[in-house]
Structures are given as structure tokens and as C-alpha cells.
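Q: Right, I'll just put the structure down here and ask away after.
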Amino acid sequence: MRLKKSAYEWLFKYKIHHLVFWTLYHYFWWNFYVIRDKSVFEALQEPFQLFRFCSFVIIQALGVYFCLYFLIPKYLEKGKYLSFIVSVFLTIGAMSLLILTGILIGARIQGAPATELMPYTSISNFYILKKDAFPSSLSSMTLGLSIKLGKNWIDAQRRQRELEQEKLKSELQFLKSQFNPHFLFNTINSIFVLINKNSQLASESLSKFSDLLRYQLYECNEHVIPLKKELGFIESFLSLERLRHDKSVSITTRFEGTQNAQLAIAPFLLMPFIENAFKHFNPTKETPNWVDLQFSLEGNQFVFVVSNSLSSHKNTAKDAMQFNGLGLKNVKRRLELLYPETHELNIEQREDSYKVRLHLKLTDLRQTVQIAEAI
């Protein structure tokens, strides 16, 4: 097994497979276009035909690699297209003349005129050049350029995809980082307020906050997480808000079909909408404050609806407007990156209420895990 591997590595290290490729290419070229009255293998038994065949292989391989590794970097990659085209045709012409020279040398070694050794009935040096050397040189150059440019295009597309994926990953991390500190700051500020109001509630809030912090730091660093885990985080956050607001806010939740869901969702995708729902309250308590959340799942179609009472107080409205600026742009951008053409977001604002409806097409959690393991 080690011997086979070493031979394989040696073959590619010293580019022997290139020689094999060009030998096979010219073998088939001769089979279809050069030798007609006998097999190529029989023709190569003759010294003149063998010398001629070697001239084709070596000269055309050198000409093609001269184009690939000198002319392309020097002219094509620098945008000098006319110089590149002229240089390629000059190289093909030089290859043809060298092959003709090789044929004449081979005929001299054989001790007979090339006109007698070639298979054509009416022949001259120009005819050999036109019929034999030039078409083969043009074909080999076209093949070599096609392979090289095709490989370059594939590599460029692969690098472009990698750059786009890296850019999207960086952008998503940036958007997520913008949200997480904001969430932490709001929660800590809420607990600080509770310390002076009710120490027992502050203690319970701190305990729940530690669970939320643990979730945020250690359990949601993946691209997607189980839907049940995200909903559990939201329930913990709502419990914290109930402690914070005591009975001044009515918070209702409904879950339909989400209990046994084996689906994945991006972490912290719903939280900006929920946080925003708690910014619209009337601080004077003249009107009841309420938040209503609905989570429903049918198949892989997930629907999230959050509604809340809306205050006419200027400062509260200003906070809402701030969310509608940078915050909402961040959420929309994450949705565009993570769920292109598989989400629908509707925001409705009335005089006394605010409503957000988000429809997502989620992916299967097991399928997501398999893709991640494959990568």
C-alpha cells in the first residue's frame, strides 16, 4: 500500500501524468486524422513515424506550456488581449515549423525523402505544414487553453464563493454582536431597578439572568440551534420581564405545534422584536399595558406574532423609533442573509397597538447537523 502511494506521489510530483496525457492525446489524434491505412501502434514500429510522433508530443507540449505559464501571466492576466492573441498564433506557427523541421530530420535519419515516407499522394513541405503540423498544433493549443482557462474559472468561482461565505459570516457575526451587548445592558439595567424596589424579585431576576447569560455565551454559538432551545430562552426572558414589571404588564404566550419540533432556527432572531414590544408601554399606567406572543408551527412553516400596547408618550415613542432605525435594519439584514426568499416580515402600527408577524421556512435539525459534519 505504501509502495503504491509513493509511486502515485512521484507521478504527480514530477508531472509525469502530463507526458502521459499528451501521449494519449496524440495517439488518438493520429488514430483519427493521420494514420489511415494501418493502426497507430503498427505505424510507430517504423523509426521515422516514431520520431515524427515524438516531435508532435514534445514540441506541442512545450508550446502549450509556454503559452499557459508565460503568455497568460504576461499578457492575458494583465488585460493585454491583443498581444496575447498575436503571441498565441505566433507560438502555434513556431510549433508548426519546428514539427516540420522534426519531420525532415526524421526523414534524413531514415535515409529517404519525407515525400516518400509521408502517407499523402501529392506532397510538399508546405503541404506537410498545412495538412499535418498546423492543424495538430492549433488543436493542442486550443485544448490546453480550454483546460487551463476552465480550471482558472472554476478556481475563481470557488474563491468567490469562499469570499462571499466569509463576508456573510463576518457580517452575521457583526449584526449579532450589535444585538447581544444591547440585550445584556437592558437586562442588567432592569435588575438594577429591581434592587431598590424588591430585593427578592431582584434575586430571582439575577438567577434567571445567569441562565440567560449562560445560554448566550455557551449554548448559541452555532449558525443555527434547535427551535425548542430558542423558545426556551424566550420563555426565560419573559419570566424575567414578568418579575421586572410585576403586575403592571399583562404578558400572554401561545405555543401551537412547537413542542416536539425537530427544526433549527438562527439564534436571537426573534429577540429584537420581543425586546421592542416592552418599549412601547405607557409609563403613567393610565391605560393597561400588554404583550401577546404567538408561536405556531405547521410542518416546517414557523409563524411568530408579537403584539403589544402602544403608548403615545413622546419618550417611549422615541425609543420605538430608535428600534425602527438601526435595530430593525439589523434584523431585516439577518433575515436576508439567513433566510433568502424563505421569510416574510410584516409590521403593522396602529394608534394603540403594534404588531409584528414573521413567517419562516425552517430547516430540519438533523439535516443541518449532517451538513455541518460534512463540512
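Q: Provide the per-residue ³J(HN,Hα) series for the range 199-215, in order, calculated from phi with Karplus coefficients 6.51, -1.76, 1.60 and θ = phi - 60°, each as a whole number of Hz, with x at glycine and proline positions.
A: 5, 5, 5, 5, 5, 5, 5, 5, 5, 5, 5, 4, 5, 5, 5, 4, 4
Q: Could you state how much accessible area TRP22 has, in square angstrom rounded to the nearest 10, with a 1.4 Å probe and all protein chains kept in place?
A: Accessible area, nearest 10 Å²: 10 Å².
Q: Please report the accessible area of ARG357 (heavy atoms, 1.4 Å probe, ligands and nucleic acids excluded) in Å², nearest 10.
A: Accessible surface of ARG357 is approximately 90 Å².
Q: Right, another one. In what sequence, largest accessible area first, do ASP132, ASP352, ASP211, ASP364 appear using a 1.4 Å probe?
A: Largest accessible area first, the list is ASP352, ASP211, ASP364, ASP132.
Q: A 27 angstrom limit on the alpha carbon distance is what I want to check against. Which of LYS332/LYS355; LYS197/LYS355; LYS78/LYS130; LYS247/LYS329; LYS247/LYS332; LYS80/LYS131 exceed it?
A: Values: LYS332/LYS355 16 Å; LYS197/LYS355 31 Å; LYS78/LYS130 33 Å; LYS247/LYS329 32 Å; LYS247/LYS332 33 Å; LYS80/LYS131 31 Å.
With Cα atoms farther than 27 Å apart: LYS197/LYS355; LYS78/LYS130; LYS247/LYS329; LYS247/LYS332; LYS80/LYS131.
Q: Let me ask something else about it. Given H placed 1.01 Å from N in the peptide plane, which residues other than close sequence neighbours of ILE265 have an amide H under 5 Å from its amide H?
A: ILE225, LEU227
Q: Please give the net charge around LYS361, taking every other residue with its beta carbon less than 12 angstrom from that of LYS361, where Lys and Arg add +1 and Asp and Glu add -1.
A: -4
Q: Can you sort SER210, SER307 by solvent-accessible area, 1.4 Å probe, largest first? Provide the component values of the computation, followed by the final result.
A: Values: SER210 45, SER307 15 Å².
So the residues, ranked largest to smallest area, are SER210, SER307.
The values are calculated or read from the model by the stated rules, or taken from the named source; none is laboratory data. Owing to the predicted nature of the structure, the values given are computational and were not obtained by experimental measurement. Please note: Cβ atoms are built from the backbone with ideal geometry, for glycine as well, and neighbour counts cover all protein chains shown. Just the protein is used for accessible areas: all its heavy atoms, side chains included, with ligands, DNA and RNA removed. Shrake-Rupley method; radii C 1.70, N 1.55, O 1.52, S 1.80 Å.
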